[in-house]
Amino acid sequence: MPRLTDARKELRRAQITEAAVRCFGRSGLERTSIADITAESGLSTGSIYAHYRSKAELVQAAARATLAKRAEVLGEYARAEDPPDPDELLARMTSAVNPVEARFGVQIWAEATTDPVIGRIVTDMIGRLRLMVHDCVTAWLVRAEGGDPAAARERAAPIAHRVIALYLAELLQTALRPPAEETTS
């Protein structure tokens, strides 16, 4: 069997983590088995274990990947030539909420209270999200008011805090909604 290139390995790992997130979002962390993830991903159990030594390692990778997606989107907003105002930023962030990822995210938050590895992942990524929202609000204030960047950064802190709090509340609300019936295509 030919060896996988690094790029191909990353694609395979992404395929596995995306399948895992769908399974976790549907059935929960505890009730999802490697067999479920195998079926969802279309890969063999051996392939999954070639990339992840355990279900716990896969949960950690899925948590990082899911949170990194949110960070990537926020980074784009902060770097935009015309950054959105806080209300528009929140609207964009909440409109991009994926219900399956929201359910998985809430489960990960719960795990973060008892699993130190997951706790570090969640704390790190939420911290990054806060900084990106802060950067975005700062950029908006500088652009909208033409003021001093240092003063704008200071003024942005409480605004960014509220934006993140409202975003996390929306994630929780989305996670608590019953999943829509899946249709067969």
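The set of residues in the range 78-93 being open to solvent by 40 Å² or more (accessible area, probe 1.4 Å) and assigned to a helix (DSSP H, G or I) consists of Arg79, Asp87, Glu88, Ala91, Arg92. One residue is enough: does the range 140-154 have a residue meeting the conditions under 30 Å from Glu30 (Cβ atoms), assigned to a helix (DSSP H, G or I) and of a type in the set (Gly, Ala, Ser)? For the range 140-154, residues under 30 Å from Glu30 (Cβ atoms), assigned to a helix (DSSP H, G or I) and of a type in the set (Gly, Ala, Ser): absent. Name the single residue that is farthest from Ala110 (Cα to Cα) among those in the range 36-55 being in a helix (DSSP H, G or I) and open to solvent by 70 Å² or more (accessible area, probe 1.4 Å). Taking the candidates together, the pick is Ala50. Entry remark, the range 119-158: residues being more than 16 Å from the chain's Cα centre (by Cα) and among the charged types (D, E, K, R) number 7 in total.
Name the one entry in Ala80, Ala63, Ala102, Ala7 that is modelled with pLDDT under 90 and either closer than 30 Å to Leu141 by Cβ or not aliphatic (A, V, I, L, M) (or both).
Testing whether each residue is modelled with pLDDT under 90 and either closer than 30 Å to Leu141 by Cβ or not aliphatic (A, V, I, L, M) (or both) leaves just Ala80.
Of the listed requirements (1) modelled with pLDDT under 95; (2) farther than 22 Å from Gly28 by Cβ; (3) not hydroxyl-bearing (Ser, Thr, Tyr), Met125 misses just one: (2).
Of all the residues that make up the range 94-107, how many are hydrophobic (A, V, I, L, M, F, W, C) and in a helix (DSSP H, G or I)?
Going through the range 94-107 one residue at a time, the tally reaches 4.
When the range 108-125 is limited to residues that are free of Cβ contacts under 8 Å to residues at least 40 places away in the same chain and assigned to a helix (DSSP H, G or I), the one that is least open to solvent (accessible area, probe 1.4 Å) turns out to be Gly119.
Residues of the range 74-86 include at least one that is charged (D, E, K, R) and either within 20 Å of the chain's Cα centre (by Cα) or at positive phi (or both). Looking at the structure I just gave you, is Pro116 closer than 26 Å to Ser95 by Cα and more than 17 Å from the chain's Cα centre (by Cα)? No; evaluated as a whole, the condition is false for this residue. Checked against the criterion of being hydroxyl-bearing (Ser, Thr, Tyr) and more than 20 Å from Ala175 (Cα to Cα), the candidates Thr138, Thr113, Thr123 yield just one match: Thr138.
The values are calculated or read from the model by the stated rules, or taken from the named source; none is laboratory data. Remember, it's a predicted structure, so these values are computed and weren't measured experimentally. When we count neighbours, we look across all protein chains shown, and the Cβ atoms used for this are built from the backbone with ideal geometry, even at glycine. We work out accessible area using only protein heavy atoms, side chains counted, and drop any ligands, DNA or RNA first. Shrake-Rupley method; radii C 1.70, N 1.55, O 1.52, S 1.80 Å.
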